[in-house]
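Below is one structure, written out as structure tokens, with a few remarks after it.
The values are calculated or read from the model by the stated rules, or taken from the named source; none is laboratory data. Just so it is clear, the model here is predicted, and its values are computed rather than measured. So basically every Cβ, Gly included, is an ideal-geometry build from the backbone, and we count neighbours across all protein chains shown.
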Amino acid sequence: MAGNTLKSEKKEPKKKKEQPPNPDVLKPDKEPEVKVKELVKDERTHKVLGAVFLLLALYCFIAFTSYLFTWEEDQDKVFRYSSQVLFMHEIEVDNLLGRLGAFTSHWFFFKGFGIASYLFCYFFFIIGINFIVGRRVFRIWRNVKYILFGLLFISMTMAFLSGNAAFPWGGALGDSLNKWTSGFLGKTGAGLLLVLAGLSWVIWKFNIDFKLPERKPKPVKEAFAGFGEPEEEEELLPVKPPVEEKKNAYKGGESLVTLVPVEEEEEFEQELQLIEKEEPAAYVPPVAVPEPPAPVIPEVPEQEAKIFIQEELPVTPPPARKKNDTAEVAFEIKPVFEDPDEEAIEELEPVREPVLADPYEPTLDLRDYKYPTLDLLDNHGSDKIVQDASELELNKNQIIDTLKNYDISIQKISATVGPTVTLYEIVPAAGVRISRIKNLEDDIALSLSALGIRIIAPIPGRGTIGIEVPNVKKTIVSLRNMLASDKFLHSQMDLPIAIGKKIDNENFIADLAKMPHLLMAGATGQGKSVGINTLLVSLLFKKHPSQLKFVLIDPKKVELSLYKLIEKHFLAKLPGEEDAIITDTKKVVHTLNALCIEMDLRYDLLKEAGTRNIREYNKKFTERRLNPLKGHRFLPFIVLVIDEFADLIMTAGKEVEMPIARLAQLARAIGIHLIIATQRPSVNIITGTIKANFPARIAFKVSSKIDSRTILDIGGSEQLIGQGDMLISFNGELVRLQCAFVDTPEVERVVEFIGEQRGYPEAFMLPEYVDEKEMEGKDFSLADRDPLFDEAARVIVQNQQGSTSLLQRRMKLGYNRAGRLMDQLEAAGIVGPNLGSKAREVNVKTEADLEEILGSM
Ligand SMILES: Nc1ncnc2c1ncn2[C@@H]1O[C@H](COP(=O)(O)OP(=O)(O)OP(=O)(O)O)[C@@H](O)[C@H]1O
């Protein structure tokens with residue numbers, strides 16, 4: 001928090017100076033510094049600069065173009081009077097932009113670079129655009145390098161081609177370069193040098209493929225080549241494409257390290273340093289992308305790549321590859337994170353190739369998937385906090401007066417202006433008991449005649465007392481700005497969610513995977529649905545469809561229906577279900593139980609892989625140390641969202657509560673996370689069991705102190721002011737936030753953007769859940785055997801292993817169903833009787849025998 005700093009309007013400091021020194025006075029200590037910084041950062045300053053540069057570009061363009069037609073007439077005058085010509089009114093020139101135009105053009109063309117001078121127009125243009133748009137549409141450093149090369153190359157080429165022409169095609173620079181080179185290499189040599197330079201540039205820029213046969217995308221089967229049990233790993237290694245081949249497929253460089261384009265190298269270095277600093281364990285990106293994705297990639301993928309690289313699939317490849325792997329990172333180097341230049345990304349794509357097919361890469365399933373871009377979201381007004389100095393002064397005086405009325409004197413008071421509320425921090429005079437101020441909470445609220453006063457006495461970790469007073473003018477926190485923040489872009493979290501802004505305007509971005517579940521409550525209309533959208537959209541901006549699946553439960557039927565467009569990308573559903581978004585209570589029970597089965601299956605997989613959590617497991621899987629033929633698979637995170645938990649508990653009670661409690665207790669390690677929202681935070685809805693397993697809780701405004709206590713174990717959320725004003729209890733701290741705002745049309749745009757892209761053939765299938773009760777009494781007879789009977793028999797015979805868990809894993813079945821199938825197989829004589837902990841004996845030895853048996857059934 002900003003200590004004693006008062007972030008307020010510009011007039012404030014003057015007022016302060018006129019007052020006699022008074023300890024009660026708000027101290028504008030760092031005000032001037034803030035103003036300068038603000039001015040520099042102010043987007044209006046950038047826009048003005050942008051306009052200046054664009055005009056400069058236009059000016060040069062007109063002057064240069066006019067010069068092409070008027071140079072003969074004007075050259076004489078400029079020659080004769082040199083820069084004096086600028087101040088000689090009597091001299092008339094033909095250039096459209098007058099004497100300055102004639103002089104500038106002459107200087108650029110004749111004394112400089114000839115026709116290549118136009119590159120300066122381009123330079124001013126890109127700077128202007130960057131400033132005016134407010135982000136780096138063009139990457140300056142990259143373009144400067146191109147421009148420098150262009151100046152040398154074009155001026156020399158033009159001088160070479162134009163020979164003794166009167167017009168300065170190559171300018172003085174071109175002429176001297178040409179003269180020197182022709183003298184040194186001869187005319188032909190100079191020509192060849194130019195051809196060589198031009199050709200090299202084209203090859204460099206477009207990475208022309210001189211090979212005759214086209215590179216084909218790796219077939220899906222091959223993507224699994226190299227998988228195997230850890231002990232088989234050695235043998236399997238040769239299956240991977242030989243390094244030679246990979247190099248060729250890339251750029252034909254000497255070594256993988258040298259494949260990094262020189263111009264990117266320093267950026268790679270920086271990124272490398274960054275990674276090394278951040279991750280002492282030297283996690284190195286194992287990303288494999290066999291083919292460059294579509295040429296234009298929006299901003300977020302790079303961020304994703306970074307997350308992915310630094311966190312998700314950490315491997316430690318041999319040192320020689322390290323730098324090369326960081327080439328992947330170069331793709332998301334800091335500048336690119338902020339505002340990637342699409343052209344630059346296009347160029348960087350090939351750099352990803354050399355790590356081809358080394359580790360398994362889940363995102364290859366949808367390799368051309370494009371992450372949503374920030375322009376799909378809106379800016380809801382300026383995120384700049386506007387605070388009225390007089391309002392601050394008034395509130396401060398009122399606080400002081402009120403406290404004085406109760407004989408409480410204070411040493412100092414300071415204010416931090418947030419988006420919705422201002423925090424007045426009071427340092428009481430020595431000897432004043434904090435509890436006295438706390439007791440006056442209502443009186444202070446009354447005297448300030450403002451709603452939403454919250455007193456924090458004392459502010460944990462500081463010797464001050466906080467009084468939060470709502471601002472008259474509130475600032476909407478746009479999700480777009482939060483997602484564009486460095487903190488989010490560079491976040492290394494598994495499931496980063498941009499929740500909102502703290503009172504000191506710091507972005508509150510948390511990792512859902514660490515929470516590990518989230519309970520949200522708030523009276524109707526206070527911002528819950530917006531909150532859920534905020535969380536979902538944050539995740540959609542960061543995660544690839546292969547890395548994350550949502551299970552959406554929406555008893556109100558309308559809140560989450562938008563997301564059905566992304567069914568084939570991000571949603572999970574029950575087999576055989578029509579809709580991925582679950583609205584029916586009965587299906588909710590099935591889905592929750594199916595998730596429990598998925599959880600059990602995942603635990604089995606983890607156990608078998610000898611790993612403790614999803615991260616370790618996925619790491620091992622991507623390193624191809626787990627055999628997919630044995631049921632191992634890349635495990636995406638699953639986020640379960642329930643938008644009205646109260647309805648469910650009312651209708652299904654324990655049937656819902658139990659699986660949720662189970663998931664909440666156990667699912668953390670295997671990557672299943674829950675977000676549960678409710679309008680009615682009463683104790684019969686948010687029971688002790690639920691509460692105990694949801695350490696992270698969000699409260700929007702609620703109707704009573706009791707409700708607040710039910711959610712947060714403390715009052716306060718009844719005093720919030722609605723519209724996304726919230727308290728979050730996380731990591732043992734209670735923080736007041738203004739929830740980031742994302743409107744429904746924005747969400748629509750994001751889901752449409754994703755939905756229009758190629759997805760998986762179907763939604764992610766959850767394991768089947770068969771209700772015990774429904775199956776009761778249906779004793780097995782061959783006539784009504786399970787529809788999966790034949791398939792199960794084949795699995796058992798192929799593996800010659802009569803084990804229920806094999807069926808569970810291979811067929812993604814729940815324990816009960818797999819057990820029942822096993823009983824049926826026993827009844828059919830395909831497997832022997834249960835042998836306790838040992839697998840059953842398989843009576844049918846060959847698949848041909850089995851087919852015969854199945855045929856005769
Ligand atoms: N973070 C926010 N910033 C600004 N305004 C907000 C924010 N969140 C919500 N609002 C405003 O409050 C209105 C109601 O929000 P929302 O629909 O999320 O409420 P809710 O709690 O989900 O209501 P219900 O439970 O009835 O669905 C929104 O339409 C919006 O105008």
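A few notes on this one:
- Subset of region 827-857 [out of contact with any strand residue (DSSP E or B) (no Cβ under 7 Å at 6 or more places or on another chain), at pLDDT below 85 and either surrounded by 15 or more Cβ atoms within 10 Å (Cβ to Cβ) or β-branched (Val, Ile, Thr) (or both)]: 828, 853, 854
- Checked against the criterion of being more than 21 Å from residue 666 (Cα to Cα) and hydrophobic (A, V, I, L, M, F, W, C), the candidates 730, 694, 700 yield just one match: 700.
- Options 437, 444, 408, 399; residue that is surrounded by fewer than 20 Cβ atoms within 10 Å (Cβ to Cβ) and either part of a loop (DSSP other than H, G, I, E, B) or out of contact with any Lys or Arg (no Cβ under 9 Å at 6 or more places or on another chain) (or both): 408
- Checked across region 648-659, the condition of being in contact (Cβ under 8 Å) with a residue 24 or more places away in the chain and part of a loop (DSSP other than H, G, I, E, B) holds for no residue.
- Every condition in (1) at positive phi; (2) at pLDDT below 85 holds for residue 171 except the one numbered (2).
- Scope region 713-726; condition within 14 Å of the ligand (Cβ to nearest atom) and more than 27 Å from the chain's Cα centre (by Cα); matching residues: 717, 720, 721, 722
- On inspection, residue 807 fails the criterion of being within 17 Å of residue 857 (Cβ to Cβ), at pLDDT 85 or above and surrounded by 21 or more Cβ atoms within 10 Å (Cβ to Cβ).
- Residue within region 549-571 that is more than 16 Å from the ligand (Cβ to nearest atom), touching a strand residue (DSSP E or B) at 6+ places or on another chain (Cβ under 8 Å) and over 19 Å from residue 748 (Cβ atoms) present: yes
- The residue that is farthest from the ligand (Cβ to nearest atom), counting only those in region 472-482 that are of a type outside the set (A, V, I, L, M, F, W, C) and part of a loop (DSSP other than H, G, I, E, B), is 473.
- The lone criterion from (1) modelled with pLDDT under 85; (2) more than 37 Å from the chain's Cα centre (by Cα) left unmet by residue 412 is number (1).
- When residue 674 is tested against (1) part of a loop (DSSP other than H, G, I, E, B); (2) buried (at least 17 other Cβ atoms within 10 Å of the Cβ); (3) away from the ligand (no atom under 16 Å from the Cβ), only condition (1) is not met.
- Residue match in region 372-387 (condition: crowded, with 20+ Cβ neighbours inside 10 Å, more than 30 Å from residue 743 (Cβ to Cβ) and modelled with pLDDT of 50 or more): no
Residue by residue, here is whether (1) away from the ligand (no atom under 12 Å from the Cβ); (2) part of a strand (DSSP E or B) holds:
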{"residue": "701", "(1), (2)": "no, no"}
{"residue": "708", "(1), (2)": "yes, no"}
{"residue": "711", "(1), (2)": "yes, no"}
{"residue": "728", "(1), (2)": "yes, yes"}
{"residue": "734", "(1), (2)": "yes, yes"}
{"residue": "749", "(1), (2)": "yes, no"}
{"residue": "752", "(1), (2)": "yes, no"}
{"residue": "757", "(1), (2)": "yes, no"}
{"residue": "761", "(1), (2)": "yes, no"}
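Every residue, every condition in (1) of a type in the set (Gly, Ala, Ser); (2) crowded, with 18+ Cβ neighbours inside 10 Å; (3) in contact (Cβ under 8 Å) with a residue 60 or more places away in the chain, yes or no:
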site: 688; (1), (2), (3): yes, no, no
site: 701; (1), (2), (3): no, yes, yes
site: 705; (1), (2), (3): no, no, no
site: 713; (1), (2), (3): no, no, no
site: 717; (1), (2), (3): yes, yes, yes
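- Selection status of residue 501, within 29 Å of residue 670 (Cβ to Cβ) and of a type in the set (Lys, Arg): no
- Search result, residues across region 498-542 that are among the polar types (S, T, N, Q), surrounded by fewer than 24 Cβ atoms within 10 Å (Cβ to Cβ) and more than 10 Å from the ligand (Cβ to nearest atom): 505, 507
- Scanning region 677-699 for residues that are within 16 Å of the ligand (Cβ to nearest atom) and over 30 Å from residue 603 (Cα atoms) returns 679, 680, 681, 682, 699.
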